[in-house]
1. How much length is gained on full extension from LYS167 to LYS249, taking 0.36 nm per residue of separation minus their Cα-Cα distance?
2. ARG40 versus ASP179, label points 7 Å from Cα toward the beta carbon: distance in nm?
3. Which FRET efficiency value, to the nearest 0.05, is calculated for PHE137 and LEU236 with the Förster distance at 45 angstrom and r the Cβ-Cβ distance?
4. Taking the Cβ of each residue in ARG115, ARG40 as the centre, tally the other Cβ atoms inside 10 Å and list the residues starting with the fewest.
5. Show the residues, 5+ positions off or on another chain, whose built amide H is closer than 5 Å to the amide H of LYS70.
6. Highest mean first, how do 67-75, 206-214, 265-273 rank when packing is the count of other Cβ atoms within 10 Å averaged over residues?
7. How do 147-155, 222-230 rank on mean C-beta neighbours within 10 Å, highest first?
8. Given Cβ point charges of +1 (Lys, Arg) and -1 (Asp, Glu) and nothing else, what value in debye, to the nearest 20, does the dipole of the stretch 13-88 about its Cα centre take?
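Here, each number is a calculation from the coordinates, and none is a lab measurement. All of these numbers come straight from a predicted model, not from anything done at the bench. Note that each Cβ is placed from the backbone with ideal geometry, even for glycine, and that neighbours are counted across all protein chains shown.
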Amino acid sequence: MKLTQILKELKWQVSTLEMCMNDMVPLSLPIIQQMVETKRATAFHITDVDNLPKLVSMEGKSKSISAFNKTADMDIGPITGAGMWTKGGILVLLSGIVLADSVQDLWTKPDESGRRWVEPKNAFYKEFSEENQIIDFAPQLKPLKEKWEKFTSSYNQIHNTAPDLTKEEKLYFIKTYIDTAYKLMLKNKKSFQDKYINSTYLSSRANWNEIVLNKIKVELIAVIEDSKGMRKDGSLNPDKELINSIKNKYQNVEVIKLKDIPSFMKKHGVLVVN
């Protein structure tokens, strides 16, 4: 990882640092391009009115987003039009470069720079087990992690006796951790390829999968007019004014109903498993 790239992300270093300290595995386009032959794919992301502008603003940028292209047809998850962390009500069809394509939800997390991170147990098989973390391959970082853990402890929040890492220490930790992670990922890329690229089914233990897209393009916006996210406060009726404002502001907007979601998803390439 280039030093200039780290410096650009220093304003987000708290978030990125926490991902490193929590032993997460970084997923970014440059490393994925070295591990697999990259491809573009389409997938859906569920959001709400408040977060739709943020999603659209990501078009073409080197930020990654979690989406899905496989789901179970049951009263839970994406098929209901409900969002995981939002009110839901808006289905957005995206195209983008695939960073990972799993048979189940990877539970990836974004840092504030747009890079997504995944837990070691979800990124690879035995190569990154609980007994074999990334930091074990960079033992020089362990004293800094111990210092950080003391600083962030609940005891220190009260007594304020342990110092924080310096800016230089944070920078060194982030750069060394990510460089080490990338080396390990390249070394074990066959495992990654087998597990997360070209998956053609949905795990029987999963209600939906996760596909991580980078450099996205918004292909279509579907407003689910009878969903909770499209209702006026305290009403069971669709907010027609809100729906019209979305249609006027964005291109390629369709209005659908909850009952239409399964067929709408199938029409646009989603594997819907009964």
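1. Values: separation 82, 0.36 × 82 = 29.52 nm, distance 4.25 nm.
Contour length minus the Cα-Cα distance gives 25.3 nm.
2. In this crude label model, ARG40 to ASP179 measures out at 3.5 nm.
3. Values: r = 56 Å, r/R0 = 1.24.
For PHE137 and LEU236, the calculated efficiency is 0.20.
4. Details: ARG115 24, ARG40 13.
Arranged by neighbour count, lowest to highest, ARG115, ARG40 become ARG40, ARG115.
5. Result for LYS70 returns ASN209, LEU271.
6. Values: 67-75: 19.7, 206-214: 23.2, 265-273: 16.1.
Result, highest mean first: 206-214, 67-75, 265-273.
7. Values: 147-155: 13.7, 222-230: 21.9.
The most tightly packed comes first, giving 222-230, 147-155.
8. On the way: 7 positive and 8 negative charges, 57 e Å.
With only Lys, Arg, Asp and Glu charged at Cβ, the dipole is about 280 debye.
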